[in-house]
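Here the structure is laid out as C-alpha cells; the discussion comes afterwards.
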Amino acid sequence: MNVSARGRKGHFRTVAFDEARNTVDLIEQRLLPHTFRIVKMADYKATAAAIRDMVVRGAGAIGATAAFGLAQGARAFRGGAMGAFQKHLDRVQRTLAEARPTAVDPVNALAQVRKAASAGATVAEQKALALAAARAFAEEDVDHCAAIGTHGAPLIREGMNILTHCNAGWLAFVDIGTATAPLYAAQSEGRRFHVFCDETRPRCQGASLTAWELAQQGISHQVIADNAAGFLFSRGEIDLVIVGSDRVLGRTGEVANKIGTYTKAVLARRHGIPFYVAIPLSTIDWELESGGAIPIEERAGDEVLGAWGVTPAGRRQYVRIANPSSKAFNPGFDVTPPDLITGIITPAGIFAPGDLWKRRAVLRGE
Ligand code: MRU
C-alpha cells in the first residue's frame, strides 16, 4: 500500500524478507499511527517475539511472518546433517506456531513451508525450498486479497455507510487487506461511501490502524467508540458490515475474530443489516469440528486496565485508567455463529458460511 510519512510517499508491504541479511522486515505496528518505522528481525526467535508482542499482527500478516521466520531459521542452520536439521526445524516451527494461538494462518503457512522444504534431498536444497515457499505464501496472500476486492466490491454501493471492526486491512496482511479490499476496489471504481471504524478496545486497532489506513487511502471515515454501534444501527446509519477473521471453521462456518465481533453480528441481525466476513483461504481451518474448540487468546489485563498513547513529545506511553487495585479479564477473540453471517467473501467468491464444507474441493484447490 502507498504510505505518506514525513512528507515522503512509498509503497510498502507489511511483511518482507531480506535475503542478504536473513532478516524478516516488519512495519512496527505498535508505533502507528504516530511513527512509521520498518524493523528488522535478526533471527527466528526475534521473529516469533515480534508476533507475540504484536509488532506485527493480523492473521495473514502473522501467517507470512511465521512462514518467513521458518525459512529464516532454516537458513541459519550450520552444517549438512539432515537429522539435526529436521530437529532444528521442528524447534523453529514450534516456537513460531506458539507465538499466538487463535489465528490459523500461521499454522497453515508453517505447514505449507515445511511440506515444500521436505522435497529437498539436501539441507541446502531444503533451505532454498523453504524460502521459496514462504515467498509463495506471501504472494498468494496478496493475490487472495486482490480477489476478495473483486468479489466484494459490488456489495459497496454509492453513498453507503459501512461498519468495520478491528483492523483487517493491509496491515493485517501482506498488502491490500481483506475487509478493506472491497472498499479499495469500490473506491478505484469511483464510488463514494463512508466507513465507521470501531475503535476496538482494548488495543484500539480500529482507531489507530484502520483509521490510519483509510486516511492514507483518502476514504471518508470516522472512529466510533465500540459501544456506539448499536445507536448507529438503531438510527439506520449503518448499511453494511464487513470484518475479517482469524479462523473460520470450514466444517461449521463459525468465525473467530477480534473480541466484539459477535456483538456487532447480533446487532446487525437485530437491524436486518448484512454482515460479511472477508478471508483468504489460509484462514480456513478444515480440521476443528466446533467453535468451542478454537483456542481463544487471553491477553494481559494491562490492556484493559489502561491504554497506550503518544505524548506531545512523541513518546509512546501507557496510562492506567482503571482502579489501581482491580484486575481484568481480557479474552482477545470471540466466535460468531454462522446463522448471523450473510456471507464469507473469499478469493473464490462469496459463500454462505454453511456452504464452505460443500465447496471444500474448490476452496482447497483440489
Ligand atoms: O489481535 P490482532 O490485532 O492480531 O487481531 C486481528 C483481528 O482479529 C482482526 O479483527 C482481523 O479482522 C482479523 S486478522 C485479518
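A short reminder: the numbers here are calculations on the coordinates, not readings from a lab. Since this is a predicted model, take the numbers as computed values, not measurements. Cβ sites come from the backbone with ideal geometry, for glycine too, and all protein chains shown count toward neighbours.
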*Treating the angle as unsigned and between 0 and 90°, give the value, to the nearest 10°, between the Cα long axis of helix 105-117 and the longest Cα principal axis of the chain.*
30
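Pulled fully out, how much extra length does the chain show between V362 and W308, if you take 0.36 nm times their separation in residues and subtract their Cα-Cα distance? Could you put the intermediate results ahead of the total?
Details: separation 54, 0.36 × 54 = 19.44 nm, distance 4.32 nm.
This chain segment gains 15.1 nm when fully extended.
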*asked:* Test of understanding: what is the full-extension gain from M160 to L232, defined as 0.36 nm times their sequence separation minus their Cα-Cα distance?
replied: 24.6 nm
*Determine the gain in length on full extension of the stretch A5-N323; use 0.36 nm per residue of separation and subtract their C-alpha separation, reporting nm with one decimal.*
110.7 nm
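Would you mind getting me the FRET efficiency between E125 and A352? Use the beta-carbon distance for r and R0 = 45 Å, nearest 0.05. Numbers along the way, then the final one.
Values: r = 43 Å, r/R0 = 0.97.
About 0.55, to the nearest 0.05.
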*Lysine pairs within the chain, Cα separation less than 25 Å, 8 or more sequence positions apart or different chains*: 9
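Ignoring everything except DSSP H segments at least 4 long, calculate the 222 nm mean residue ellipticity for the chain; use -39,500 (n - 2.57) per segment, divide by total residues, nearest 500.
Values: 11 runs with 124 residues, N = 366.
That calculation yields -10500 deg cm²/dmol at 222 nm.
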_Selected from A117, T102, G73, residue furthest toward positive end of dipole (region 2-145; charges at beta carbon)_ = G73
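Just how large is the dipole of region 153-363 about the Cα centre, in debye to the nearest 20, putting +1 at every Lys and Arg Cβ and -1 at every Asp and Glu Cβ?
Values: 20 positive and 21 negative charges, 56 e Å.
Here the size comes out at about 260 debye.
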*Only residues of region 140-154 count here: report those whose backbone N is under 17 Å from the spot 7 Å along Cα→Cβ of K115, or say none.*
140-141
*Alpha-carbon centroids, region 145-187 and region 335-366: separation in whole Å*: 17
*Counting only C-alpha contacts under 8 Å and six or more residues apart, can you give the relative contact order of region 153-363 as a whole percent?*
20
*Among D239, D105, which comes first, then next, by fewest other beta-carbon atoms within 10 Å?*
D239, D105
*Looking at A348, G291, T311, which one has the Cα that reaches farthest to the positive end of the dipole of region 240-354 (charges on Cβ: Lys, Arg +1; Asp, Glu -1)?*
T311
*Note down the nm distance, to one decimal, between modelled labels 7 Å out along Cα→Cβ at K45 and at E297.*
2.1
_Suppose each label sits 7 Å from its Cα in the direction of the beta carbon; what would the R316-R94 distance come out to in nanometres?_
3.0
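Tell me, what is the percent relative contact order of the chain, built from C-alpha pairs under 8 Å that lie six or more residues apart?
Details: 781 pairs, mean separation 56.1, N = 366.
For the chain, the relative contact order is 15 percent.
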*Given H165, A147, L129, which one lies farthest toward the positive end of the charge dipole of region 124-172, if we put +1 on the Cβ of every Lys and Arg and -1 on the Cβ of every Asp and Glu?*
H165
_Using Cβ counts within 10 Å as a stand-in for footprinting exposure, how do E139, E158, E303 rank, fewest first?_
E158, E139, E303
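What are the chymotrypsin sites (Phe, Trp or Tyr not before Pro) within region 287-342 that DSSP puts in a loop, where the Cβ has at most 13 other Cβ atoms within 10 Å?
Numbers: sites: W308, Y318, F329, F333; in loops: F329.
Qualifying residues, ordered by number: F329.
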*Sort E140, E287, E366, E213 so the one with the fewest other Cβ atoms within 10 Å of its own Cβ comes first.*
E366, E287, E140, E213
